[in-house]
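Below is one structure, written out as structure tokens; the observations come after it.
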């Protein structure tokens, strides 16, 4: 950051010279603004302890209870409760190769396939004859003699080529047939089905037919609904397909990064400091763990819900694991520790109590502060000096909680001499790589003085740099030649802008560096020009139908029969689906600002290939597999703007369409990721990327899609939620005699259950919404694993409840959910025509109030005939987070109105409000020769800032790797008091009670407790989720208790809409166990909810349900080797 970007921006009242004089006002090392003239010492004296010397780094302070000397030392000591490590999830366990092994191992399985030269015996892939399976007259036959021989069965009457069912009977095994090409014999163990386990079965077949490595790596993955460490911590996902943390972690584990596009560092983020105001509640202590794609893989409440004001986080490498130390910003009663330490899965590992030897509130840091130690250690300081100017600090061993060394600095020189100044001392870390000890940077805020030194010895030296009077933080820089990054608050006269000051190794700086110019710019796809120097600029909108422009669709154009369609899909490889990106397009991206919308959609343009898919009939079932079907069993078409489209289905269970949707999209995104932020990329040219375009289910005359695969999926969906056919009938008022008879409501007079109203209809509508949400999230996943960070990813959805009837199809039958887009951790966007400013429940306001400040609108027109009306709405949106508009107008009058509105906004040329306005913190990263600083944009901690984390180059530009807002919305915490006593009539069964009438996508329940068992036999703790009184089978998790009091944790991570849900905890004994040996302590349940209004669920006053996160974030890097 050696040069200040020079931008001649109209409308700025201060010249650079005046700005530097008023703001930087270079402070002498010997003076400070507000204090009287003070001479700063070169070093900070260390206060001797009672014995006359500082505590040695080689003598760990132990708990007094373990002292054995004759004279008992009564000096107060810290205490620590340490729990053993139990491991964290390894996401490679869930990739296809591991999944296949886990399914087949111990299951006595044999898998053979059509034209497959290999097969599986148990979990081993073996060479087999390619003629063991054949299809004759549509019937699958297998080589009975071969199968009997494998299983050692002799004398069977089933010989030659026989049906799999007959052979299974002869050998006494179960059998599964997949897609008329794979046959699996097995017994016991996990049972697969051809719907939920479609991707695993297809991956087996790929291995068996010697598919290319490219095809195997790109194979789809069946995601786990439970992730556990197997000992004491588990998360149940009601729909893992809708969780970007699961999606991106598992797929990235299989596919890896795009060549030339480095993955980001893993990050831990805590709610920043905010104690509430007249309209907003104080933060709690929620912590989120972000993976390399910056999506949430774990969330936990670090302290009791009564502890408010935010939480600090600091990560450390200890042994073979990464731990997360947490401390509240405000002093609390110390219950269950002043500092609590967790692993990256949210398992409690340690509680450290420091009071009374060191009173809170604290600042916590981690690093290699003790030379020769492989483990990082924890540094704890008082956040403020004492009235006498003393600053105590402790180094704590994170392996056992013991104190390694203790120092007190005499900082009396830094005490404020003027009223209103603070005794606060901020501390940050400089990570070194030369094997010496990491250094600590102390920032005395009243003096604006900076000292840097050794926490173990207490030796700190004056840095000699002159800080601006308004500096808020001092951080180590990762950039070569730079020593410090200094953050600044929002500057008067420069509202909404974000600056830092970078100091070189000699202590010099080049003035203010704007690190968020990009965020201040408003982009329009029409009516303005591309401009790097103003706050309104052009950003071309690029709608790219990947599903229609790839090699497979080209082949389908010539597939005039169903048999030929099948041949095209059966012979296609991953490469066949490649989407070619032209050199002209790449060159345009290199030289201009672009919003990319590579996508698939259910609206199929009428070309030969889609016509052939429309007419396709499955040769085995006689069904139209690829298209949406109305309630009358007929296909229909979609009308929009006098155009007609075929309607493809979004149903699960159709591998051909999954590939057609996602493989071309994957190809495009990974190609452009290199241009976006590869070695020669320019991230600033990317306005945003939306890999979705108006995903919905909208079949004229029907509510929902009645494709046979949708109906099959609906049956399994109901079984997942209600557990059995009997419960479905009882809860939903149906009378089905078998699961195969379950049919969606068709509003056709078959009974009350068949109406388009009531509980059963609600479930059908929710299932269709779930399927659409699934298509959105899998597209987002593709962008994430290609290298696009979350806040660069937007949507182009029709906001549910805001659809326009008439020229854009039927609004009353449209199922176009957006709640998943609002809560998945990315940016936000949609489509909107019309005038919305008169309704507070409009989708822009609801999203903005939920913390979204990076909103794109893929299709927009105010439908106003005058500039005044168009500008009123444009300004309304500009003030509420809209960053990019793509205008589509329908008359010259509307075009002139929208053009005039853009011109009026451009004339004012003001920086767009949003996440910007000051800077809060910085952290350096160095990986593979690339360096950047992650800067928290916005005033952040203690202010209205939300905490945009952005990787920034030395020139102040976006580097492209990191771009995330860890908390968009306020996290509301409800303590589940019902857990305080057993359920009525039970001794050892506890319930959270009903979690309000319904819980929605992103809602989370966290249960924590401590338990042990000291009796005979065994004891277990069992967790499960109930929906409307029905246990959800996939939710059940059980852990065996040990004789050591240990922490246990269970999380319900909800992605569906559950009604009258509850979580239950049951303690039981076995093998002659006695319940009197059970010990249960500290049971706590919390409902953690993002404050986001959803129109489909809330109906009215939706805006009041939306609340933004306030106070920024604290954060640290979990990948310790890249931190600087």
Fill in the blank from the handout: Quick calc of log₁₀ I(q)/I(0), segment 371-435, Debye, one scatterer on every Cα, no solvent, q values 0.22, 0.23, 0.29, 0.30 1/Å, result -0.97, -1.01, -1.26, -1.30
Practice task
Can you tell me the FRET efficiency between residue 137 and residue 632 if r is taken as the Cβ-Cβ distance and R0 is 35 Å, rounded to the nearest 0.05?
Solution key: 0.65
Handout entry: Stretchable slack from residue 1060 to residue 1044, in nm (0.36 nm times residue separation minus alpha-carbon distance)
Key = 2.2 nm
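Throw me the Rg/Rh for segment 889-1038, computed over C-alpha atoms with Kirkwood Rh, two decimals. Could you put the intermediate results ahead of the total?
On the way: Rg = 26.3 Å, Rh = 21.9 Å.
Ratio of gyration radius to Kirkwood radius: 1.20.
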Exercise for the section: Starting from the Cα coordinates of segment 96-220, work out the convex hull volume and express it per residue in Å³. Expected result: 98 Å³
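How large, in Å, is segment 291-354 by the Kirkwood hydrodynamic radius built from its alpha-carbon pairs?
Details: mean 1/r = 0.0800 Å⁻¹.
One decimal place: 12.5 Å for the Kirkwood radius.
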Handout entry: Inter-site label distance for residue 280 and residue 615 at 7 Å from Cα along Cβ, in nm
Key = 6.0 nm
Practice task
Between residue 102 and residue 216, take the C-beta separation as r, use R0 = 22 Å, and let me know the FRET efficiency to the nearest 0.05.
Solution key: 0.80
Practice task
Can you tell me how much longer the chain between residue 908 and residue 575 gets when fully stretched, taken as 0.36 nm per residue apart minus their C-alpha distance, in nm with one decimal?
Solution key: 114.9 nm
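Only counting other Cβ atoms within 10 Å, I'd like 816, 402 sorted with the fewest neighbours first.
Numbers: 816 23, 402 19.
Lowest count first: 402, 816.
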Problem - Whole-number D in µm²/s for the chain (Stokes-Einstein; Kirkwood sum over Cα pairs; 10 °C, 1.306 mPa s) - result: 50 µm²/s
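Stick to the Cα atoms of segment 971-1090, pair each with every other, and give me the Kirkwood hydrodynamic radius in Å at one decimal.
Values: mean 1/r = 0.0679 Å⁻¹.
Mean inverse Cα-Cα distance, inverted, gives 14.7 Å.
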Completion exercise
Most exposed first, judged by fewest Cβ atoms within 10 angstrom, 353, 285, 826 run 353, 285, 826
Practice task
Return 835, 1026, 990 ranked ascending by Cβ neighbour count within 10 Å, so the fewest neighbours appear first.
Solution key: 835, 1026, 990
Completion exercise
Label model pair residue 875, residue 159: point-to-point distance (7 angstrom along the Cα→beta-carbon line) in nm is 9.2 nm
Exercise for the section: Report the antiparallel proportion of the DSSP beta bridges in the chain as a percent, rounded to a multiple of 5. Expected result: 85 percent
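Can you give the Rg to Rh ratio of segment 866-907, both from alpha-carbon atoms, with Rh computed by the Kirkwood formula?
Numbers: Rg = 9.8 Å, Rh = 10.4 Å.
For segment 866-907, the value is 0.95.
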Problem - Peptides ranked, highest mean first, by Cβ atoms within 10 Å: ranges 950-957, 836-843 - result: 950-957, 836-843
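Based on alpha-carbon positions alone, could you give the equivalent ellipsoid semi-axes of segment 422-560 from the gyration tensor, as √(5λ), descending, whole Å? Walk me through the numbers before you get to the answer.
Details: eigenvalues 449, 112, 29 Å².
Sorted largest first and rounded, they come to 47, 24, 12 Å.
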Handout entry: Mean Cβ count within 10 Å, highest first, over the residues of peptides 231-238, 423-430
Key = 231-238, 423-430
Fill in the blank from the handout: Here the tail fraction of P(r) beyond 27 Å, over all Cα-Cα pairs of segment 522-908, rounds in percent to 53 percent
Handout entry: Sum of -39500 (n - 2.57) over DSSP H runs of 4+, divided by residues of the chain (222 nm, nearest 500)
Key = -5500 deg cm²/dmol
Handout entry: Sequence ranges 844-855, 681-692, ranked by mean other-Cβ count within 10 angstrom, highest first
Key = 844-855, 681-692
Exercise for the section: Determine the gain in length on full extension of the stretch residue 387-residue 743; use 0.36 nm per residue of separation and subtract their C-alpha separation, reporting nm with one decimal. Expected result: 120.7 nm
Exercise for the section: Treat each spin label as a single point 7 Å out from the Cα along the C-beta direction, and report the residue 196 to residue 1079 distance in nm. Expected result: 3.8 nm
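Read-outs throughout are calculated quantities, based only on the coordinates presented, and are distinct from any laboratory measurement. Every value quoted in this text rests on a predicted model; they were computed, and no experiment measured them. Neighbour counts are summed over all protein chains in view; Cβ atoms, including those assigned to glycine, are modelled from backbone coordinates with ideal geometry.
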